[in-house]
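Undergrad: Take this structure first; my questions come after.
Each reported figure results from applying straightforward, stated rules to the coordinates on display, with no laboratory input. In this text the structure is predicted, and so the values were computed from the model without any measurement. When we count neighbours, we look across all protein chains shown, and the Cβ atoms used for this are built from the backbone with ideal geometry, even at glycine.
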């Protein structure tokens, strides 16, 4: 059999995807790109309005999407998100855990509630979503489990974000172990590590003056766009990425390449 080539290899026709944190920013871009590639998309968003608006925009562009409002940081919420997707579309082929939080706090003053919430949303939800999705993947002979990680934690550090960095480093460890466990079920497990991405609601984004200074030190010369992450996710979700598992793709414009990274500078 001749393998699929070109645009066809990236098509998601007939598949259903669940995207957490899909109401805005990177998540909205992922949901929109997946829908444009032919997927039916269930958007899980803490903000009901943001999820509704993104789903409506996809439908206005002749795509198929729906939204559910929930906080993905609990086991029950993960089960609910998966159940709502299967109930609405009849199957589940791709899960993208994109939801994440980063309330800034230095280690000395970090409180228990902030640490618990960051780990619950960013890391623990990976486990709960995987548990909920795996039976659905098995029913149809395979699937894709994807996570938005970060270069912060696995590769670089930012002051006042140790809790966030620990959660994302944990995500990468989860991806590798889960890839081994799920391979027998023909489920691939991968992630994307964004660098500085121009998007709303990013607590790590500096003020405009600082942003301009950072952009001059990024080899690509600019911040990335949410769509840059979405297209990397599309590759991993599609047939084009069928043989990739337990990996992450760094999408950062080369920012982590210099020996003295812009990510480690104070300011």
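Undergrad: Given springs between every Cα pair under 10 Å in a Gaussian network model of the chain, which of 55, 133, 240 has the largest fluctuation?
TA: Highest fluctuation among the options: 240.
Undergrad: A further question on this structure: Sort 217, 163 by Cβ crowding within 10 Å, fewest neighbours at the top.
TA: 217, 163
Undergrad: Same structure, new question: Compute the acute angle (0 to 90°) between the alpha-carbon long axis of helix 48-60 and the principal axis of greatest extent of the alpha-carbon atoms of the chain; round to the nearest 10°.
TA: The answer is roughly 60 degrees.
Undergrad: Run the quick spin-label model on residue 160 and residue 184: label points 7 Å from Cα toward the beta carbon, then report their separation in nm to one decimal.
TA: Label at residue 160, label at residue 184, 4.8 nm between them.
Undergrad: What is the pair-distance distribution P(r) of segment 1-147, computed from all Cα-Cα distances in 10 Å bins starting at 0, with each bin given as a whole percent?
TA: Using 10 Å bins, I get a P(r) of 12, 41, 31, 12, 4, 0 for segment 1-147.
Undergrad: Determine, from the Cβ-Cβ distance of residue 211 and residue 243 and an R0 of 51 Å, the FRET efficiency 1/(1 + (r/R0)^6), rounded to the nearest 0.05.
TA: 0.85
Undergrad: Return the distance in nm (one decimal) between the two label points of a simple spin-label model at residue 64 and residue 87, each offset 7 Å from Cα along Cα→Cβ.
TA: In this crude spin-label approximation the distance works out to 1.9 nm.
Undergrad: Using just the helices of the chain, give the 222 nm mean residue ellipticity in deg cm²/dmol: DSSP H runs with n ≥ 4 each add -39,500 (n - 2.57), and the total is spread over all residues, rounded to 500.
TA: Roughly -12500 deg cm²/dmol at 222 nm, from the helical runs in the chain.
Undergrad: Another question, then. Mind checking which of 243, 164, 196 has the largest fluctuation in a GNM of the chain, springs on alpha carbons under 10 Å?
TA: Looking only at 243, 164, 196, the largest GNM fluctuation is found for 243.
Undergrad: Continuing with this model, one more query. From the C-alpha gyration tensor of segment 6-251, pull out the three semi-axes of the equivalent ellipsoid (sqrt of 5λ each), sorted largest to smallest, in whole Å.
TA: For segment 6-251, the ellipsoid semi-axes come out as 27, 20, 18 Å.
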